[in-house]
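For reference, the structure is listed below as structure tokens.
Quick note: the coordinates plus some simple rules give every number you see, no bench work behind them. These numbers were taken from a predicted model, which means no experiment stands behind them. Every residue, glycine as well, gets a Cβ built from its backbone with ideal geometry; the counts of neighbours run over all protein chains shown.
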Amino acid sequence: MISSFSMERKISKKKDYLQFVLGIFAAMKITRNARLIGHNTMGIDAMADCIVEWASADELIPLLDELERPMLAIGQGSNLVFMDDFHGTVLVSAVRDIELLGQDDSSVLVKVGSGFVWDDFVTYAVLNGWWGVENLTAIPGQVGAAAVQNIGAYGQESSDCIETVMAISLEDGSRREFSRDECRYAYRQSIFKNELKGKYAISHVIFRLGLKPAPKLSYGNLSQKVEALGGATLANISRAVREIRAEKLPDPAILGNAGSFFMNPVIPAEQYKSLLAQYPDMPSYTAQSGMVKVPAGWLIEHAGWKGRSLGPAAVYEKQALVLVNTGGATGQDIMALANAITASVKEKYGITLNPEANLI
Ligand code: EPU
């Protein structure tokens, strides 16, 4: 049996070691009993036992053994809902280097730190004349999260351009590179959200971006907006997307939110056909064969939820897919609203909504 003295000694030895390591790696920041409010765009005021901001793999790896488990790797927390205080270590990436690895006639290969702000990376790509991420303008979050979440908008997904994901095992500190195939990307899915959830922290993402114009303008009214700005240049596409998003989506700096709270459900084509007979306006997108993707925002709005609130959690008035924190909401408040919406959509349409946001 371990005596309480030896337990205390062990803990204090751990603390000594932490202080020592901290001294060496001044760039790293370790905060105990830390508030998470600045680390999630939903603005939930939960606590973490420890938050570690790390700026390189070399900094993080020697420390891993000493950190309290479980560990949760996050970026800006733009897709997270903390249901409770987090008892463990939250790893916040501050890896912000960017490097051009190579170039050929048609593309560039660029390595980007996981803590690089996603929208800054898009701007960097647009200014350099690199195609592939312009439709993903103004999405909150960081590069590492974009590789976990496979962010998507207006007909582009981050996985379209991802060549390699560089990661650190949280179990043994080993480094591993995942090819795009190994990441198993699908609509808002990757291996990092499924089989390997919680097992790796991403340090860098390597993107292959095109040098030849390849505008993707088929989504919604994007092509009209781009034409009105003067044609399909990278700058105009990026600006058009920024304007469309600003019209529909709340700025998390002003109103806490985690972007689309639910994924758009994919249902059997037969089920869609019978729903269409009853609801002729129900929109749809093509999905894998025999299936149809239905916009969750439409289902939620037409189940009467747009603009409604339940305590301090509300359905955003301009886009029903987004749940917002109107002030002081806890994760439980957000989930109470999400559960009520899910039950109501299920009852009305027989469709089950699944959260896109990561519930912690
Ligand atoms: N709709 C409604 N009511 C609403 C919202 C949407 O009827 O309140 C209808 C729209 O009229 C339209 C359809 O739903 O017919 C689609 O709406 P929108 O173009 O706004 O896109 P979305 O399907 O609601 C998805 C992504 C967004 C992304 C947009 C544009 C998901 C879960 N969401 O939303 O991504 O910006 O397409 O590509 O796939 C995010 O993931 O956080 C996010 C914002």
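Taking the Cα centroid of the range 312-360 and of the range 110-166, what is the distance between the two, rounded to the nearest whole Å? Centre-to-centre (Cα) distance: 27 Å.
For the chain, modelled as a GNM whose springs connect Cα atoms under 10 angstrom apart, the maximal fluctuation among Gly331, Gly230, Gly210 occurs at Gly230. With θ taken as phi - 60° and the Karplus curve 6.51 cos²θ - 1.76 cosθ + 1.60 applied, the whole-hertz 3J(HN,Hα) list for the range 194-202 is 10, 3, 9, 4, x, 9, 10, 10, 8 Hz, x standing for glycine and proline. Scalar couplings 3J(HN,Hα) for the range 155-162, obtained by applying the Karplus form with A = 6.51, B = -1.76, C = 1.60 to θ = phi - 60°, are x, 10, 10, 4, 5, 4, 10, 7 Hz; x denotes Gly and Pro. Net charge in the neighbourhood of Arg180 (other residues with Cβ under 12 Å of its Cβ; Lys, Arg +1, Asp, Glu -1) is -4.
Highest GNM mean-square fluctuation among Pro213, Pro250, Pro140, for the chain modelled with Cα contacts below 10 Å: Pro213.
Put +1 on the Cβ of every Lys and Arg and -1 on every Asp and Glu Cβ in the chain; which of Val266, Ala125, Leu196 then has its Cα farthest towards the positive end of the dipole? Looking along the dipole axis, the top candidate is Val266.
Net length available on complete extension from Arg96 to Glu270 is 57.9 nm, with 0.36 nm assigned per residue and the Cα-Cα distance removed. For the range 269-360, the Cβ-based charge dipole about the Cα centre amounts to some 80 debye (Lys, Arg positive; Asp, Glu negative; other atoms uncharged). Working from Cα positions, state the angle (0 to 90°, nearest 10) between the long axis of helix 234-248 and the longest principal axis of the chain. For helix 234-248, the angle is close to 90 degrees. Scanning residues 5 or more positions from Ala73 or on other chains, those with amide H under 5 Å from its amide H are Leu91, with H placed 1.01 Å from N in the peptide plane. Taking every DSSP bridge with both residues inside the range 33-96, close to 15 percent are antiparallel. The distance from the alpha carbon centre of the range 32-80 to that of the range 224-255 is 32 Å, rounded to a whole number. Scanning residues 5 or more positions from Met263 or on other chains, those with amide H under 5 Å from its amide H are Asn354, Glu356, with H placed 1.01 Å from N in the peptide plane. Close amide H partners of Met291, meaning residues 5 or more places away or on another chain with modelled amide H under 5 Å apart, are Ala269. Using the Cβ of Arg242 as centre and a radius below 11 Å, the other residues enclosed give a net charge of -1, where K and R count +1 and D and E count -1. The number of Lys pairs in the range 267-358 with C-alpha atoms less than 18 Å apart, excluding pairs fewer than 8 positions apart on the same chain, is 8.
Treating only the Cβ of Lys, Arg, Asp and Glu as charged (+1, +1, -1, -1), what charge dipole size does the chain show about its Cα centre? Round to the nearest 20 debye.
Charge dipole, the chain, about its Cα centre: 440 debye, nearest 20.
For Lys193, a cut-off of 12 angstrom between C-alpha atoms picks up these aspartates and glutamates, skipping any fewer than 8 places away in its own chain: Glu356. Once the other residues with Cβ under 12 Å from the Cβ of Val133 are scored (Lys, Arg +1; Asp, Glu -1), what is the net sum? That sum, taken over residues with Cβ under 12 Å, equals -3.
The 3J(HN,Hα) values that the Karplus relation (6.51, -1.76, 1.60; θ = phi - 60°) gives for the range 123-134 are, in residue order, 4, 4, 5, 4, 5, 8, x, 9, 9, x, 10, 4 Hz. Gly and Pro appear as x. You can think of it this way: the chain between Thr352 and Ser309 has 13.4 nm of extra reach, that is 0.36 nm per residue less the Cα-Cα gap. Largest GNM mean-square fluctuation across Val266, Val241, Val315, computed for the chain with C-alpha springs under 10 Å, falls on Val266. About the centre of its Cα atoms, the range 202-360 shows a dipole size close to 440 debye [charges on the beta carbon of Lys, Arg (+1) and Asp, Glu (-1) only; nearest 20 debye].
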